[in-house]
Amino acid sequence: MIDMKRTGPLAKAVTALAVSALALTGCGGGDSAAADGDVELRFAWWGSDTRHQRTQEIIDAFEEQNPGITVTGEYGDWAGYWDKLATQTASNDAPDIIQMDAKYIREYADNGALLDLSDMDLGELSEDVVENGRTEEGLFGVTTGVNAMAIMANPTIFQEAGVELPDDTTWTWEDFSDVAQQVTEGSDAYGAAGPAEPDTFQIWLRQQGKELTTPEGELGFDAADAAEYLEMQHRMMQEGALPPASVVAEDQAPNPDQSLTGTNGAAMGAWWTNQLSSVSDASGNDLVPLRFPSTDGTAEGAALYYKPAMFMSASARTEHPEEVKKFIDFMVNSEEAGLLNLADRGLPANESVREAVVPEMNEADARSAEFLEEIEPELGDPTPIPPLGYSTLQEILYRYELEVFFDRASPQEAAERMISEMESAIS
């Protein structure tokens, strides 16, 4: 049964549909073939038009190699995807194959909505990468590729401002603020866009030896930490390193082509490395990935980490578990799918596929791959699997940042209220 343990999109969808428990009789044990010998699978994913096109090409290649299996795509943008998936899952109509994100995997896994994939052959993925999709109950997501959060810098705007690109192996948050102020003063763009949450806060916390959430599913920081971070961001806004509050408010969690970074409204912005190509295309400039500034002025001190770009998961209610696993295996372990995906779903997690793909990448994706390989020796431990309710932390953090930016609350007041709300969200 799906057990609605905590508040989240899935639980809300169940409540809205007045379904308190959904029987998963024979989960993962359904017939592996349709009565007429043909199998039809549904595959849901989010992403850009480019991803939709590439994914359809992958489906076509898979179907050609697997006669009798038909895969139908269901796709949309990020926001609408999760609302639709929650409703589908709550009404016993989840797709067979599900593109899953780290923010939601525990919610769906712990509620019994995902198929255990522990028996898949993932020998060419590193142990850390495999563990990213595992909970205490099993393996519920296979990592498609890895990425890292980076500061994407626009060399054209830096040149117009007469400011040199910073040395990202030594810069601190103070240096970041100084450089951004110089660009703001010397160009028509802002030096930096607002923070990308919750990832900027997560990285800053890791630099203090803490995490956003712990392996036990609790907050890994206190009000003093949050107040210090909010104060730092507020100070950078006041000094002109960041845009005014009204501009930041319009640029929270934007699509690349609508963002300050993508529209050349800011010289620097925080993005995942697999987004470098789309942000560069939107801006018309070859953006350069930089390490995050650190607290201590060292490359290792940036405390970056590999994050699964996304997972391939499966519905626990699928009637065709073996065919679903075959498709996921093709997506993750075949060079053919890798050469179609390229870096769109992250730098391939399968190391053999990665070797085949990197030489075929476009310039932006190649820069992304080079950056990921360069920082690998400096990386810290992977972040803990997010707890139930984690998906709400982004909205909460963004909201309280704006309270501080608009001077409606002090950093300390906002931090205390923010922590209380976050604790309720994940408890």
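For volume of the Cα convex hull per residue in Å³, which listed value, (1) 139; (2) 155; (3) 128, comes from the coordinates shown?
(3)
Which number do you get for Rg(Cα) / (2.2 N^0.38 Å) in the stretch 115-243?
Compactness ratio reported: 1.39.
Assigning unit charges at the beta carbon (Lys, Arg +1; Asp, Glu -1) and nothing else, what dipole magnitude in debye, to the nearest 20, does the stretch 195-276 show about its Cα centre?
260 debye
As a quick test, which of the pairs K103/K326; K210/K325; K210/K326 have an alpha carbon distance above 32 angstrom in this structure? Walk me through the numbers on the way to the answer.
Details: K103/K326 25 Å; K210/K325 36 Å; K210/K326 39 Å.
Too far apart for the 32 Å limit: K210/K325; K210/K326.
Could you let me know the centre-to-centre spacing of the stretch 275-334 and the stretch 63-136, using Cα atoms, in angstrom?
For the stretch 275-334 versus the stretch 63-136, the Cα centre distance is 15 Å.
Using per-residue counts of other Cβ atoms within 10 Å, averaged over each peptide, order 296-303, 96-103 from highest down.
Ranking the peptides 296-303, 96-103 by packing returns 96-103, 296-303.
Indicate, rounded to the nearest 5 percent, the antiparallel portion of the DSSP beta bridges found entirely in the chain.
For the chain, the DSSP antiparallel bridge percentage is about 65.
I'd like to check one number: the per residue accessible area of the stretch 257-301, probe 1.4 Å, reported in Å² as a whole number.
Here the per-residue accessible area is 33 Å².
Could you look at the stretch 298-427 and say what percent of its accessible area is carbon and sulfur, using a 1.4 Å probe and all protein chains?
Working: 2250 of 4970 Å².
That fraction is 45 percent.
When the Cα centres of the stretch 354-427 and the stretch 240-254 are compared, how far apart do they sit, in Å?
Answer, in whole Å: 17.
If I model a spin label at E136 and T298 as a point 7 Å from the Cα along the Cα→Cβ vector, what separation in nanometres do I get?
Inter-label distance under the simple model: 3.5 nm.
Subtracting the Cα-Cα distance from 0.36 nm times the residue separation, let me have the gained length for D119 to M232 in nm, one decimal.
36.0 nm
Give me the distance in nm between label points sitting 7 Å out from Cα along the Cα-to-Cβ direction at E40 and Q412, one decimal.
Each label point lies 7 Å from its Cα, and together they span 6.3 nm.
For the ranges 65-72, 399-406, 245-252, what's the packing order if you count other beta-carbon atoms within 10 Å of each residue, average per peptide, and put the highest first?
399-406, 245-252, 65-72
What does the extension gain come out to for E239 and N66, with contour length at 0.36 nm per residue minus their alpha carbon separation? Intermediate results must be reported in sequence, preceding the final value.
Details: separation 173, 0.36 × 173 = 62.28 nm, distance 5.95 nm.
Length difference between fully extended and current span is 56.3 nm.
Please list the non-local residues whose amide H lies under 5 Å from the amide H of L114, H modeled 1.01 Å from N, same-chain partners needing a gap of 5 or more.
Those lying under 5 Å, H to H, from L114 are A316.
Using a simple charge model, +1 on the beta-carbon of Lys and Arg, -1 on the beta-carbon of Asp and Glu, nothing else, what dipole does the stretch 33-97 show about its Cα centre, in debye to the nearest 20?
Roughly 260 debye, rounded to the nearest 20.
With θ set to phi - 60° and the Karplus curve 6.51 cos²θ - 1.76 cosθ + 1.60, what are the ³J(HN,Hα) couplings of the stretch 86-102 in order, to the nearest whole Hz, using x for Gly and Pro?
Going residue by residue, I get 4, 5, 4, 5, 5, 9, 6, 10, 5, x, 5, 10, 10, 6, 10, 10, 4 Hz, with x marking Gly and Pro.
Quote to one decimal, in nm, the extra length available between A79 and S424 on full extension: 0.36 nm per residue of separation minus the C-alpha distance between them.
121.9 nm
Run through all the Cα pairs of the stretch 109-163 and give the fraction in each 10 Å bin from 0, expressed as whole percent.
Cα pair-distance distribution for the stretch 109-163, in percent: 20, 33, 16, 12, 14, 5.
Using modelled amide H (1.01 Å from N, peptide plane; none on Pro or chain starts), what sits under 5 Å from the amide H of T135, excluding residues fewer than 5 places away?
F140
Kirkwood Rh and Cα-based Rg: tell me the resulting Rg over Rh for the stretch 60-107, rounded to two decimals. Don't skip to the end; give the middle numbers.
Details: Rg = 13.1 Å, Rh = 12.5 Å.
Over the Cα atoms of the stretch 60-107, Rg/Rh equals 1.04.
Given +1 on the Cβ of Lys and Arg, -1 on the Cβ of Asp and Glu, and no further charges, what dipole in debye does the chain carry about its Cα centre, rounded to the nearest 20?
Working: 24 positive and 79 negative charges, 232 e Å.
For the chain, the charge dipole is close to 1120 debye.
Which aspartates and glutamates, on any chain, are close to K307 with Cα under 15 Å apart, when same-chain ones fewer than 8 places away are left out?
List returned: D101, E127, D128, E131, E197, D199, E211, D344, E373, E376, E378, D381.
What is the ratio of the Cα radius of gyration of the stretch 175-284 to 2.2 N^0.38 Å, where N is its residue count, to two decimals?
With N residues counted in the stretch 175-284, Rg over 2.2 N^0.38 Å equals 1.13.
The values are calculated or read from the model by the stated rules, or taken from the named source; none is laboratory data. Only a predicted model underlies this, so the values are computations on that prediction, with no experimental measurement involved. Every residue, glycine as well, gets a Cβ built from its backbone with ideal geometry; the counts of neighbours run over all protein chains shown. We work out accessible area using only protein heavy atoms, side chains counted, and drop any ligands, DNA or RNA first. Shrake-Rupley method; radii C 1.70, N 1.55, O 1.52, S 1.80 Å.
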